[in-house]
1. Excluding D170 itself, calculate the net charge of residues whose Cβ lies under 15 Å from the Cβ of D170, where each Lys or Arg counts +1 and each Asp or Glu counts -1.
2. Using per-residue counts of other Cβ atoms within 10 Å, averaged over each peptide, order 15-22, 131-138 from highest down.
3. Please compute the length gained on full extension between Q22 and D170, using 0.36 nm multiplied by the number of residues separating them and subtracting their Cα-Cα distance.
4. So which of K42/K113; K21/K113; K47/K186; K21/K54 end up more than 29 Å apart, counting from Cα to Cα?
5. Kindly state, to the nearest 0.05, the FRET efficiency for M133 paired with N45, given R0 = 25 Å and r defined as their beta-carbon distance.
6. By per-residue mean of other Cβ atoms within 10 Å, what is the highest-first order of 165-178, 56-69, 140-153, 23-36?
Amino acid sequence: MTTLAPDRTHPALALRAVRLKQGLTLRALAARSGLPFSTLSKLENGKMEMTYDKLLRLAQGLGVDIAALLAGPPEVEAPPAGGRRSVSRAGRSAGATSDVHAHQYPAADLLGKLMVPIIIEVRARSVAEMGGMVRHSGEEYLYVLSGAMELHTDLYAPLRLEAGDSVYFDSGMSHVYVRVSDEPCKVVCVCAGPGIQRLAQTAAKAWKLSPPADQDPA
């Protein structure tokens, strides 16, 4: 069996630490998260990529903030003096896709961002289909580009949002996006806070969600 390098920021090591702290076996966590035992074993041993969809289900199953599975503070690189920019061409952003959503990460090449923009195709039709709600430290701005969705939280009644509607909210509330339109629903989400910055940095590095090689550098 291969072992992970001694990197305290590796999500696999954080997952194992949180699971053991709660006294859970891999089979118990499999039942909670809906992920197969074999998948969890591979994730903990670094033999499978920790995608956003798996991270979401694990955080829900363990009842923890996503940031708890991204151990340690992000290695924030100070932006150079003068200014910097990142251009994302249509269809060329780094991304992650699952049955319940598709994410695109513009500006994935910039580390230490104050804000993390995400373009999301909302596919799940219910909270149950998403596997429950998720939370992370920081704040979030959501703007609906097309279709219609509901924002479910643990503090408010479901909020219906249609194309052109937007909402700004505390990401520390447990929340989830649910599609309610027949046509595809696409939203742009801008997140700020240390938890989401760890997620974005892990996506760019550990999950290899970096821009394609042919993306324009300008």
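What follows draws every value from the coordinates through simple rules; no lab data is involved. As the structure is a computational prediction, the values presented were derived from the model and not from experiment. Quick reminder, even Gly has a Cβ in these numbers, built from the backbone with ideal geometry, and neighbours come from all protein chains shown.
1. Cβ neighbours under 15 Å give a net charge of -3.
2. Highest-to-lowest ranking by the protection proxy: 131-138, 15-22.
3. That works out to 50.6 nm of additional length.
4. Where the Cα-Cα span goes over 29 Å, the pairs concerned are K42/K113; K21/K113; K47/K186.
5. 0.30
6. Answer by packing, highest mean first, reads 56-69, 140-153, 165-178, 23-36.
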